[in-house]
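Here's the structure we're looking at; comments come further down.
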Amino acid sequence: MTDQAYNFAYLDEATKRMIRRALLKGLAIPGYQVPFASREMPMPYGWGTGGVQVTAACLTPEDTLKVIDQGADDTTNAVSIRKFFERTADVATTEATAEATVIQTRHRIPEVPLTEGQILVYQVPIPEPLRFLEPRESETRKMHALSEYGLMHVKLYEDIARHGAIATSYAYPVQVEGHYVMDPSPIPKFDNPKLGDNAAIQLFGAGREQRIYALPPYTRVVSLDFEDHPFEPTKADHSCDLCGAGDTYLDEVITDDQGSRMFVCSDTNYCVTRQAEAEAGAAQ
Amino acid sequence: MTQDQPLLSVRDLAKMYGGRIGCTDVSFDLWPGEVLGIVGESGSGKSTLLGCLSGQLAADRGQILYRGRDTRQMSEPERRLLSRTEWAFVHQNPRDGLRMGVSAGGNVGERLMAVGARHYGDIRETATDWLGRVEISAERIDDRPRQFSGGMQQRLQIARNLVTSPKLVFMDEPTGGLDVSVQARLLDLLRGLVRDMGLSVIIVTHDLAVARLLADRLMVMKDGHVIEHGLTDQVLDDPQAAYTQLLVSSVLQV
């Protein structure tokens with residue numbers, strides 16, 4: 001079957017224009033959740049339908065696409081979305097962060113610092129940071145509009161009261177440019193400092209919830225905290241067992257039934273690159 | 001604030017539900033430190049009136065001047081700011097006024113955090129202090145309200161509302177649904193807090209005993225109208241309107 005029976009990047013031009021409008025509005029009001037008419041995509045909700053639509057609206061034939069799932073380039077979600085755009089948009093794909101112009105990601109920000117001209121697209125399951133604190137959407141919208149975020153701190157207070165420290169370790173709420181509190185999608189809080197002052201454009205798409213929000217380059221993003229319990233990005237207290245990096249976010253991998261384990265970089269491309277560099281250095 | 005100006009001044013307030021009257025022609029002044037009781041039977045417009053005064057319902061006519069400013073003309077952000085700083089609302093059912101999934105300390109701390117408190121230790125200290133003031137032991141600070149008895153929940157709701165030292169407190173049947181001995185303790189507590197903090201209170205109740213204990217002045221409502229208005233003892237001991245006479249004589253004597 002010829003995939004060119006589809007329009008470029010699957011969605012029709014009118015839909016892409018509608019999404020681009022939402023993206024522009026999102027960029028104009030950093031952190032504000034813009035409603036958009038999310039479409040049915042040929043994949044189930046929860047598999048990145050929001051991110052895919054945003055990526056489709058951003059792609060041009062000259063783009064190079066990278067897709068990350070939990071840091072890895074070779075897991076189901078990443079592979080199938082990459083294939084989807086190879087077939088429907090015929091764009092070049094890559095696993096190298098620095099070579100990509102559009103990066104769709106689930107749950108991680110790459111370790112390599114992003115540069116101007118790159119676009120990072122996040123898949124977002126629940127865009128509303130107040131969702132489990134205030135059930136009424138009419139009320140949360142007002143709270144956003146008036147910047148009434150006392151409730152967000154109640155959540156952090158509960159964490160400290162119960163666990164002795166802020167135990168929220170992913171989807172850690174941030175405040176954008178001193179106004180909107182935003183859910184950064186379920187990235188580990190280790191990645192939160194990379195949200196702010198980032199050179200790349202960051203776009204967030206929630207397909208089921210029909211919301212888009214965005215961070216323009218070099219936006220001020222602050223993770224919420226208490227004066228006596230400041231925000232702390234956390235990671236496993238190890239170095240990567242493959243590349244030896246001590247400053248990356250690690251996955252814990254169980255290797256046998258005896259409970260042996262190893263810690264490896266969750267960003268596979270970063271880890272592989274470092275291993276290759278080390279080998280090249282040893283060969284010289 | 002000067003003592004020669006009423007805290008709340010209401011003129012010709014009316015609220016209609018379609019063609020039916022919620023409450024109408026309500027006018028009164030509330031002075032700093034004063035407790036005003038609103039009594040009447042179910043459906044007489046008490047709760048509608050309280051809702052209009054506290055900004056939860058939009059009144060159709062009239063003026064509500066809070067410290068000289070008309071709250072009906074205020075923008076919503078201003079009104080919401082008032083209702084989490086200088087005003088407080090105690091619901092009849094503590095479930096409406098508490099966050100049931102949040103610990104007692106978090107419930108008390110919410111208003112503090114809503115006005116910008118960002119120091120965990122300070123918030124916790126204030127919450128502990130307030131739990132003590134409403135006779136809840138400090139070790140229950142991390143328990144959820146679900147694990148509390150009805151009376152404790154109501155006391156927790158009061159602590160949660162008073163923690164930011166409001167000037168004006170609205171109470172909707174605060175003792176409804178509690179048994180008599182718990183009611184008595186709660187009333188005792190409320191009376192103490194009102195005196196100590198110099199609160200102005202508007203309390204809606206159908207229980208004349210509560211009104212007698214707490215209120216300085218009483219308004220009697222029937223069918224959306226205020227039919228009698230005066231000092232509590234005067235209204236209860238020498239009722240003028242026929243309905244008030246009926247109301248007073250309907251109280252069961254033990």
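The values are calculated or read from the model by the stated rules, or taken from the named source; none is laboratory data. This is a predicted model, so every value here is computed, not measured. Here the Cβ is made from the backbone with ideal geometry for all residues, glycine too, and neighbour counts use every protein chain on show. Heads up: the accessible areas ignore ligands, DNA and RNA and are worked out on the full protein's heavy atoms, side chains in. Shrake-Rupley method; radii C 1.70, N 1.55, O 1.52, S 1.80 Å.
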- Cα extents of segment A:235-284 along the principal axes, largest first, in whole Å, come to 38, 22, 16
- HN-Hα J couplings of segment B:179-184 from phi, Karplus 6.51/-1.76/1.60, θ = phi - 60°, integer Hz, Gly and Pro as x? 6, 4, 6, 5, 4, 4
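For the protein assembly as shown, take the convex hull of the Cα atoms, compute a quarter of its surface area, and give me that in nm², please. Present the calculation step by step, with values, prior to reporting the outcome.
Values: hull surface 135.0 nm².
For the protein assembly as shown, averaging the hull's shadow over all directions gives 33.7 nm².
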- How long are the three semi-axes of the equivalent ellipsoid for chain A, computed from the Cα gyration tensor as the root of 5 times each eigenvalue, in whole Å, largest first? 29, 28, 16
- Might you work out the accessible area of B:THR128 for me, using a 1.4 Å probe with all protein chains in place, and round it to the nearest 10 Å²? 50
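How well do other chains shield peptide A:224-232, expressed as the mean number of their Cβ atoms within 10 Å of each residue Cβ?
Values: counts 1, 2, 8, 6, 7, 4, 0, 0, 0.
Partner-chain Cβ atoms within 10 Å, mean over residues of A:224-232: 3.
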- Message: Placing one identical point scatterer on every Cα of chain B and ignoring solvent, what is log10 I(q)/I(0) from the Debye formula at q = 0.11, 0.12, 0.13, 0.14 Å⁻¹?
- Response: -0.60, -0.71, -0.83, -0.96
- Task: Assuming R0 = 25 Å, can you tell me the calculated FRET efficiency for the pair B:ILE21 and A:ALA145, based on Cβ-Cβ distance, to the nearest 0.05?
- Result: 0.15
- Estimated vicinal HN-Hα couplings, Hz - segment A:241-254 in sequence order (Karplus 6.51, -1.76, 1.60; Gly, Pro = x): 6, 9, 10, x, 5, x, 10, 10, 7, 10, 9, 9, 10, 7
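Order the peptides A:86-93, A:30-37 from the highest to the lowest mean number of other Cβ atoms within 10 Å of their residues. Show your work: numbers first, answer last.
On the way: A:86-93: 16.8, A:30-37: 19.2.
Ranking, from highest mean packing down: A:30-37, A:86-93.
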- Take the eigenvalues of the Cα gyration tensor for segment B:1-56, scale each by 5, and report the square roots as semi-axes in whole Å, largest first. 24, 12, 9
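Can you list which of the trypsin sites (Lys or Arg not before Pro) found in segment A:154-258 are DSSP loop residues with at most 10 other C-beta atoms within 10 Å?
Details: sites: A:LYS155, A:ARG162, A:LYS189, A:LYS194, A:ARG208, A:ARG211, A:ARG220, A:LYS235; in loops: A:ARG208, A:ARG220, A:LYS235.
Answer in residue order: no site qualifies.
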- So the pair-distance distribution of segment A:1-159, from every Cα-Cα distance in 10 Å bins, comes to percents of 10, 35, 33, 17, 5, 0
- Using Cα atoms only, what is the angle between the long axis of helix B:150-162 and the major principal axis of chain B, expressed in degrees (0 to 90) to the nearest 10? 90
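Dividing the convex hull volume of the Cα atoms of segment A:1-90 by its residue count, what figure in Å³ per residue is obtained?
Numbers: hull volume 10.6 nm³, N = 90.
Cα convex hull per residue, to the nearest whole number: 118 Å³.
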- Average projection area in nm² (convex hull over Cα atoms of segment B:98-165, one quarter of hull surface): 3.9
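Using a 10 Å cut-off on Cβ atoms, rank the peptides B:11-17, B:245-251 from the highest mean neighbour count down. Spell out each step's value before the answer.
Numbers: B:11-17: 16.4, B:245-251: 13.3.
In decreasing order of mean packing, B:11-17, B:245-251 become B:11-17, B:245-251.
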- Search the structure for amide H atoms under 5 Å from the amide H of A:VAL34, placed 1.01 Å from N in the peptide plane, and list their residues when 5 or more places away or on another chain. A:ILE212, A:TYR213
- Using alpha-carbon coordinates, inclination of helix B:76-85 to the longest axis of chain B, degrees: 70
- Averaged per residue, what accessible surface does chain A expose to a 1.4 Å probe, in Å²? 45
- Query: segment A:163-284: D in µm²/s via Stokes-Einstein (Kirkwood Rh, Cα pairs, 25 °C, 0.890 mPa s)?
  - Reply: 145
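Starting from the Cα-Cα distance between A:MET43 and A:ALA236, subtract it from 0.36 nm times their residue separation and give me the gain in nm to one decimal. Intermediate results must be reported in sequence, preceding the final value.
Working: separation 193, 0.36 × 193 = 69.48 nm, distance 3.32 nm.
Using 0.36 nm per residue and subtracting the Cα-Cα distance, I get 66.2 nm.
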- Message: Once you keep just the Cα pairs under 8 angstrom separated by 6 or more residues, what percentage relative contact order results for segment B:22-74?
- Response: 26
- Item | 5 angstrom amide H check on A:THR93, placed H, neighbours 5+ away | A:LEU65
- Can you work out the FRET efficiency for the pair A:MET262 and B:SER149, with r the C-beta to C-beta distance and R0 = 51 Å, to the nearest 0.05? 0.45
- Query: Pairing the Cα long axis of helix B:120-133 with the longest principal axis of chain B, what angle in degrees results, from 0 to 90 and rounded to the nearest 10?
  - Reply: 50
- In nm, spacing of pseudo-spin labels at A:ALA283 and A:THR76 (7 Å Cα→C-beta vector): 3.6
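Work out the mean other chain Cβ neighbour count within 10 Å for the residues of A:245-257 and drop it here as an integer.
Numbers: counts 0, 0, 0, 0, 0, 0, 0, 0, 0, 0, 0, 0, 0.
Mean shielding by partner chains, rounded to a whole number: 0.
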- Cross-link pairs A:LYS155/A:LYS189; A:LYS25/A:LYS83; A:LYS83/A:LYS235 - those with Cα-Cα distance over 20 Å: A:LYS25/A:LYS83; A:LYS83/A:LYS235
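If packing is taken as the average number of other Cβ atoms within 10 Å across a peptide's residues, how do A:259-268, A:39-48 rank, most packed first? Let's see the in-between values first.
On the way: A:259-268: 17.8, A:39-48: 15.3.
Put in order of decreasing packing, that is A:259-268, A:39-48.
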- Give the long-range amide H neighbours of B:GLU228: residues separated by 5 or more places, or on another chain, with amide H under 5 Å away, using H modelled in the peptide plane at 1.01 Å from N. B:VAL220
- Note on the structure: Partner shielding of A:160-170, as the mean number of partner chain Cβ atoms within 10 Å, equals 2
